[in-house]
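*Asks:* Handing you this structure, nothing more for now.
The values are calculated or read from the model by the stated rules, or taken from the named source; none is laboratory data. Here the structure is a predicted model, which means the values were calculated and not measured. Every residue, glycine among them, receives a Cβ derived from its backbone with ideal geometry; neighbour counts consider all protein chains shown. What goes into the accessible areas is simple: the full protein's heavy atoms, side chains included, and nothing from ligands, DNA or RNA. Shrake-Rupley method; radii C 1.70, N 1.55, O 1.52, S 1.80 Å.
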Amino acid sequence: MSNQIIGTDVDRAVEILRNGGLVGLPTETVYGLAADASQKQAVTKIFAVKGRPNNHPLIVHVESVDAARQWSSLWPQSAEILGTTFWPGPLSVVVKKAPDVLVEVTGGHQSVAIRVPGHVIALELLSRFSGGLAAPSANRFGKVSPTTAQHVFDDLGTSVDYILDGGPCAVGLESTIVDCCGDIPVVLRPGGITTEDIQKIVALGDDDLGMSRAPGMLPAHYAPQCQVTLFQELSEAMRASETFDAATLRVIDASTNPLVFASSMYSQLRQCDIDGVKHLLVVLPDANGIGLAIRDRLTKAAHDPKNQSH
Ligand code: TXA
Ligand code: MG
């Protein structure tokens, strides 16, 4: 079954998208669940398949900075600088939306998030499709994001019409989201492009850059079945590990090589569930560079949904 749905046929993907279907989209960050951003019915399907509340806005994926400008009624200088510097790449900009951008895409907001993904197959698809693709991560709402075509199939099965296989995602966690609507750009979600790299080219507002503040971002998210507990030091994690049953315990040290860890983070979280791990102890990386995004996702993975306030 999965063989018929997973493949590398870009023409088939284009046809499905033009007909209002859903395609699993490989990107450098995570796999997306893509639909034609200009077809209301197609975009609506994304929410049904993911089980996602329909006021959570989607990111529109386009092939170039020129294409991105078309989705905005006011293209700020900050978006121009960020786009020309980091695209194609793991960065999304939030800008004032053009009048005809569907309310289903923006979740009722007056702004729209846009990015040019840094993946050769995604770019090939976008160039042949020649339009915008609305795509959230291709996982069930609140669960671990997918970083392989098989992950998408495992989560969504045949409710996706086709999954383009672009291999494992190189970055492995979602794009950095920068809100460019105000006078000073603000990071709403840390991600694949580091805050330090952004600050080299544009001044950022707000000093609270560590955690997601984009709409639709909940305290519990990216969550595996097992209970996740976070530690600052390996020695603390090792001490705590003695209190758990070794048969269903796993300890992961994310602090030694955060960049490499990021690329396999979601696979490792998924593997814990496959292996029947009940308690996962993770040593966090420092809160800088890609470490900020890792800490953001793991903090959400560790959040007990029973304590969720909204
Ligand atoms: O790397 C990524 O960004 C991946 C790949 C597939 O491109 N996509 C992704 O989409 O992570 P998703 O839907 O899982 O997260 C997108 C987040 C939304 O939850 C929302 O917080 C934010 O982007 N967002 C979208 N539109 C926005 C807007 N107009 N204003 C503020 N935030 C927005
Ligand atoms: Mg997501």
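*Asks:* Among PHE47, GLY24, ALA35, whose Cα projects farthest towards the positive end of the dipole of region 12-73, with charges put on the beta-carbon of Lys, Arg (+1) and Asp, Glu (-1)?
*Replies:* The Cα lying farthest towards the positive end belongs to PHE47.
*Asks:* Determine the sum of side-chain charges near LEU164: Lys and Arg each +1, Asp and Glu each -1, restricted to other residues whose C-beta is under 12 angstrom from that of LEU164. Intermediate values should be presented prior to the final figure.
*Replies:* Numbers: positive: ARG12, ARG128; negative: ASP9, ASP11, GLU124, ASP161, ASP165.
It works out to a net charge of -3.
*Asks:* Suppose R0 equals 22 Å. What FRET efficiency, 1/(1 + (r/R0)^6) with r the Cβ-Cβ distance, do GLN70 and VAL120 give to the nearest 0.05? Walk me through the numbers on the way to the answer.
*Replies:* Values: r = 23 Å, r/R0 = 1.03.
Result of the calculation: an efficiency of 0.45.
*Asks:* So what is log10(I(q)/I(0)) for region 82-192 at q = 0.11, 0.13, 0.24 1/Å, when the Debye sum runs over its Cα atoms only?
*Replies:* Computed log10 I(q)/I(0) values: -0.40, -0.56, -1.56.
*Asks:* Could you give the dipole magnitude of region 113-205 about its Cα centre, charging the beta-carbon of Lys and Arg +1 and that of Asp and Glu -1, in debye to the nearest 20?
*Replies:* Working: 6 positive and 10 negative charges, 12 e Å.
About 60 debye.
*Asks:* Beta carbons within 10 angstrom, averaged per residue: use that to sort the peptides 10-20, 82-92, highest first. If you can, show how the numbers build up before the last one.
*Replies:* Values: 10-20: 16.9, 82-92: 22.0.
Sorting 10-20, 82-92 by mean packing, highest first, produces 82-92, 10-20.
*Asks:* A further question follows. Ranked highest first by average number of other Cβ atoms within 10 Å, how do 146-154, 29-37, 97-105 line up?
*Replies:* Values: 146-154: 22.8, 29-37: 28.9, 97-105: 16.9.
Result, highest mean first: 29-37, 146-154, 97-105.
*Asks:* Still on this model: How high is the FRET efficiency from ALA170 to GLU242, r the C-beta distance, R0 51 Å, rounded to 0.05? Each step should come with its number before you reach the end.
*Replies:* Numbers: r = 37 Å, r/R0 = 0.72.
E(calc), rounded to 0.05, equals 0.90.
*Asks:* On to the next question. Cα centroid distance between region 250-278 and region 54-76, in Å?
*Replies:* First find each Cα centre; the distance between them is then 33 Å.
*Asks:* Along the Cα→Cβ direction, 7 angstrom out, place labels at GLN199 and ASP154. What is the inter-label distance in nm?
*Replies:* The modelled label-to-label distance comes out at 3.6 nm.
*Asks:* What accessible area per residue comes out for region 2-212, rounded to a whole number of Å², with a 1.4 Å probe?
*Replies:* Numbers: 8070 Å² over 211 residues.
Per-residue accessible area for region 2-212 comes out at 38 Å².
*Asks:* Another question, then. Given a cut-off of 32 Å, name the pairs among LYS45/LYS200; LYS200/LYS278; LYS45/LYS96; LYS50/LYS96 whose C-alpha atoms lie farther apart than that in the structure shown. Show your work: numbers first, answer last.
*Replies:* Working: LYS45/LYS200 39 Å; LYS200/LYS278 42 Å; LYS45/LYS96 25 Å; LYS50/LYS96 26 Å.
Pairs exceeding the cut-off: LYS45/LYS200; LYS200/LYS278.
*Asks:* I would also like to ask the following. What size of dipole, in debye to the nearest 20, comes out for the chain about its Cα centre when the only charges are +1 on Lys and Arg C-beta atoms and -1 on Asp and Glu C-beta atoms?
*Replies:* On the way: 24 positive and 33 negative charges, 143 e Å.
Charge dipole, the chain, about its Cα centre: 680 debye, nearest 20.
*Asks:* Could you work out [θ]222 nm for the chain from helices alone, using -39500 (n - 2.57) per DSSP H run of at least four and dividing by all its residues? Round to the nearest 500 deg cm²/dmol. Kindly include the intermediate steps, with their values, before the conclusion.
*Replies:* Working: 12 runs with 103 residues, N = 310.
It lands at -9000 deg cm²/dmol.
*Asks:* May I pose another question? Carbon and sulfur together cover what percent of the accessible area of region 2-212 at a 1.4 Å probe radius?
*Replies:* Looking at region 2-212 in its full context, I get 49 percent from C and S.
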